[in-house]
1. Out of all the residues in the stretch 31-76, which are loosely packed, with under 11 Cβ neighbours inside 10 Å, assigned to a loop (DSSP other than H, G, I, E, B) and at pLDDT 90 or above?
2. Report, ordered by the first and then the second residue, all pairs with beta carbons closer than 6 Å, sequence separation of six or more or different chains, a first member in the stretch 11-22 that is surrounded by 13 or more Cβ atoms within 10 Å (Cβ to Cβ), and a second member that is assigned to a helix (DSSP H, G or I) and modelled with pLDDT of 90 or more.
3. For the structure I just gave you, tell me whether residue 8 is modelled with pLDDT under 90, out of contact with any strand residue (DSSP E or B) (no Cβ under 8 Å at 6 or more places or on another chain) and in a helix (DSSP H, G or I).
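The values are calculated or read from the model by the stated rules, or taken from the named source; none is laboratory data. These numbers were taken from a predicted model, which means no experiment stands behind them. Positions of Cβ are generated from backbone atoms using ideal geometry, with glycine treated the same way; all protein chains shown enter the neighbour counts.
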């Protein structure tokens, strides 16, 4: 499956498309049924909206803090393939 183009030449891969789709479904559900998770529980809302695990959420938060300390030019790292 070919990656989809984002604005300004960025590419959106299938996993990212899946997360965006999960967020769209979550937001539509809340628009129809009302807010199911209080706005103050932002972590629970992020987990429910994106469908990622708690461990993934924590890893991204930790990497984000590290990235903020190093400067805006640093990007998130993708997992590397293991060498044989």
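1. 34, 35, 38, 39, 40, 53
2. 19/50; 22/50
3. Details: modelled with pLDDT under 90: yes; out of contact with any strand residue (DSSP E or B) (no Cβ under 8 Å at 6 or more places or on another chain): yes; in a helix (DSSP H, G or I): yes.
Yes.
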